[in-house]
Each structure stands twice: as structure tokens, then as C-alpha cells.
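Any read-out appearing in this document is the output of simple, stated calculations on the displayed coordinates, not a laboratory observation. Here the structure is a predicted model, which means the values were calculated and not measured. In this analysis, Cβ positions are derived from the backbone assuming ideal geometry, glycine residues included, and neighbour counts consider all displayed protein chains.
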Amino acid sequence: YAPLTPAQSAAYDLALADYTRDVHTYENGERTGAVLALLTRLKQICDGLLPEETPAADMIEHSGKLLVLLPLLDEILSRGESVLLFTQFVRLGEWLQSLLSERLGKPIPFLHGGLSPQQRRAQIDTFNQDASPLPFILSRTYSSYRTKTPAPVGIFGPGWKAPSDIRL
């Protein structure tokens, strides 16, 4: 369990207030789209996804999940184990990749749907061949791509449906 930080709570309240303010202006069909957009935005806020201009290093103090994840990740890596980190948002994966690459002093692979088959294979090979423990970030679009990895640990967000979204 990871509580929202004050910044996340404020962003959550603002998103709800914006929707509540505008909901009466939507036609019936628009209202459905607006509700879905609101739910996605609230999920992004809960996952710690901040505005695009936010540097990756600033995410730590604004994300309850990162405040829980980073010590957990340090513990796993200190035991010599690699770890799979799953995210539903590519932008969050990119931030994690940047943040963890800087913290660990080496490139961190991130497998997502925007990569070519060759790039995906290179990411998997990097992870599988690295002798030191390493996190491997995977987005939900990874679900159609099969691989075997040596990681004994996987960390999933609450919205992740592992049995249907990933096939190892």
C-alpha cells in the first residue's frame, strides 16, 4: 500500500473539481468519454504520473508509489536478484528508466510497444545477459511479446492483470 503524497492529493482533487465543474456542459455521448478520461487521469495521478515537464528526479517526492518502491527495489537488488517492474503508462516507464539509470549508474532496459522487434530483442538480451542484478521495466503493451527472464521478482501495479497481460 502506498498513500498519495500531498501533491498527488491536490492533483486528484483538482481533476475531480474540473470534471464536476464541466460535467453539466457535456452531451450524453460526451459525458461517457469525459468519465473515461477522468478515470484515466485519476489512475495516472495515483501512479505518480506528473506533468510532462517534471524531471524524473522530482518524481520521488511527489509519488507515494515511488516512496515505497525505491527502498523495496534497493532491498531486492542488494540480495543480488533482478526484478521486473510493470507499468501501464509508457511515460511513467520512461521516467522510471531515467531515474533508475541515474541511481544505478547504468542503462535500464524498458520494453514497450513503441520499440521495433530488433530494439525489443536488444532490451531482452541486455537484461538476460547482464551479470549484475538489474530492474527491467515493461509496459502493458509488452503482453503480446514472449520472453523468459531470470528475474525472480515482479512488481505489479494494482490495475495490472498479470495472468492475462503477460505470458512468460
### Message
Whole-Hz ³J(HN,Hα) for each residue in segment 85-95, computed from phi via Karplus 6.51 cos²θ - 1.76 cosθ + 1.60 with θ = phi - 60°, x for glycine and proline: what do you get?
### Response
10, 10, 9, 8, 10, 4, 4, 5, x, 5, 5
### Query
Which far-off residues, 5 or more places away or on another chain, put their amide H under 5 Å from the one on Phe86, with H placed in the peptide plane?
Leu138, Ile155, Gly157
### Message
At 0.36 nm per residue, and after removing the present C-alpha to C-alpha distance, how many nm does the segment from Ala2 to Arg21 gain when stretched out fully?
### Response
4.0 nm
### Task
Would you work out which of Leu85, Ser101, Ala122 lies farthest towards the positive end of the dipole of segment 71-141? Charges go on Cβ: Lys and Arg +1, Asp and Glu -1.
Ala122
